[in-house]
Amino acid sequence: MQLSNTAPAGAFTLERERQELVFRATRLVAREIITPHYIRVRVQGDGLVGFGPSGHDDHIRIFFGGPETAGAPFGTVEQLRELPSREFTPLHWGEDWLDLEFAVHGDEGVAGVWAANAPIGSVAGIGGPRGSLRIDGTPDGWLLAGDETAVPQIRRYAALIPDGAPARILVEVADAAHEIPIDAPVAVEYVHRDGRVEGSALAAALDAIAAQDRPEGSVFGFVAAEQAIVKPGRALLCERWGLDPERIVVKGYWKRGDAGYHAPHGPGAQG
């Protein structure tokens, strides 16, 4: 069902911009435990001077050095590129540092294990971003939804929401003890899995949002979690709310049972 308050043409657009591909060598310099399974780290290096994507949604590839790299020379770009790698959202950055956040699932995977256990001084190669997505203009309303893996990107979008603008932010976490603090102009709605399969609680929350819950005017929607979230995300944003598929972002950041799955993280990629 599509409503009559579809956004006027040109209220805002999503602009995709290519970035010069640069590879940077950094070291782990700090670690902060935010929840039992969510960690923020800081990497630092002279190569980060000039880092700063121009958009609001972009991803970098991180190459994770093992314990033997702590304090050791960086090595060549070719050697760094042979390290295990994954794509992540850059969160905050300064002149020569970059903050990243990771969901940690015990001893599973590559990135979370590195974030939780790598010795300070370990090497991390940073590749990209290849491109960025920028919101040109200001949406009238916002819906941001995701699991722990989407929190860095939700943080970046939430920082764009003007005070008083109609917005909903939904974040799926394991339970109350795993709620991740997020600065936003509206209260974050935490959806608890409580032992259910990842993504199912968020999917149910999206399914419960009705057509009449759509804010008036132009609305930007972002939904990202396990790959199965793509269908309910599109059902809400495109079918019930009638949003233009070119002005939303719906992604599967990871795939259950496939630790090597690399999500389509390019600017504006639809999972």
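The values are calculated or read from the model by the stated rules, or taken from the named source; none is laboratory data. All values derive from a computational prediction rather than experimental measurement. No Cβ is skipped: glycine too gets one built from the backbone with ideal geometry, and neighbour counts run over all protein chains shown. These area figures cover heavy atoms from the full protein model, side chains too; ligands, DNA and RNA do not enter into them. Shrake-Rupley method; radii C 1.70, N 1.55, O 1.52, S 1.80 Å.
Computed over the Cα atoms of the range 156-226, the ratio of the radius of gyration to the Kirkwood radius (Rg/Rh) comes to 0.96. Charged neighbours of residue 151, selected by a Cβ distance under 13 Å, balance to -4 (K, R count +1; D, E count -1).
In order along the range 47-64, the phi-based Karplus estimate (6.51 cos²θ - 1.76 cosθ + 1.60, θ = phi - 60°) of 3J(HN,Hα) comes to x, 7, 4, x, 5, x, x, 8, x, 10, 9, 8, 9, 10, 9, 9, 10, 9 Hz; Gly and Pro are listed as x. When the solvent-accessible area of the chain is split by element, carbon and sulfur atoms take up 50 percent of it, the probe being 1.4 Å. In angstrom, the C-alpha Rg and Dmax of the chain are 18.6, 61. A viscosity of 1.002 mPa s and a temperature of 20 °C, combined with the Kirkwood radius over Cα pairs in Stokes-Einstein, give a translational diffusion coefficient for the range 40-177 of 130 µm²/s.
Surface exposure of the range 22-144, expressed per residue as accessible area with a 1.4 Å probe, stands at 42 Å².
Each residue of the range 154-167 is assigned a 3J(HN,Hα), and the resulting list reads 4, 4, 5, 5, 4, 5, 8, 6, x, 4, x, 6, x, 7 Hz, derived from the Karplus form 6.51 cos²θ - 1.76 cosθ + 1.60 (θ = phi - 60°), x at Gly and Pro. Only helical runs count toward this figure. For the chain, summing -39,500 (n - 2.57) over DSSP H runs of n ≥ 4 and dividing by all residues gives -3000 deg cm²/dmol at 222 nm.
What the Kirkwood sum gives for the range 45-100 is a hydrodynamic radius of 12.7 Å, with every pair of different alpha carbons counted. Taking the square roots of five times each eigenvalue of the Cα gyration tensor of the range 64-133, the equivalent ellipsoid has semi-axes of 19, 17, 13 Å, listed largest first.
Summary value for the chain: 23 percent relative contact order, contacts being C-alpha pairs under 8 angstrom separated by 6+ residues.
Roughly speaking, what is the centre-to-centre gap between the range 34-61 and the range 202-262 when only Cα atoms are used, to the nearest Å? Result: 25 Å between the Cα centres. Overall shape: prolate for the range 1-105, with the ratio a/c of the largest to smallest alpha carbon gyration tensor axis at 1.5 or above and a/b above b/c. At a temperature of 25 °C and a viscosity of 0.890 mPa s, determine how fast the range 98-252 diffuses translationally according to Stokes-Einstein, using the Kirkwood radius over alpha-carbon pairs as Rh; express D in µm²/s, rounded to the nearest whole number. Answer from the Stokes-Einstein relation: 147 µm²/s. Among the GluC sites (Glu not before Pro) in the range 43-106, which ones are in a DSSP loop with at most 13 other Cβ atoms within 10 Å of the Cβ? Mind listing them? Counting only loop positions with at most 13 other Cβ atoms within 10 Å, the GluC sites (Glu not before Pro) in the range 43-106 are 82, 95.
Working ranking of peptides 183-196, 17-30 by packing, defined as the average number of other Cβ atoms within 10 Å per residue, highest first, is 17-30, 183-196.
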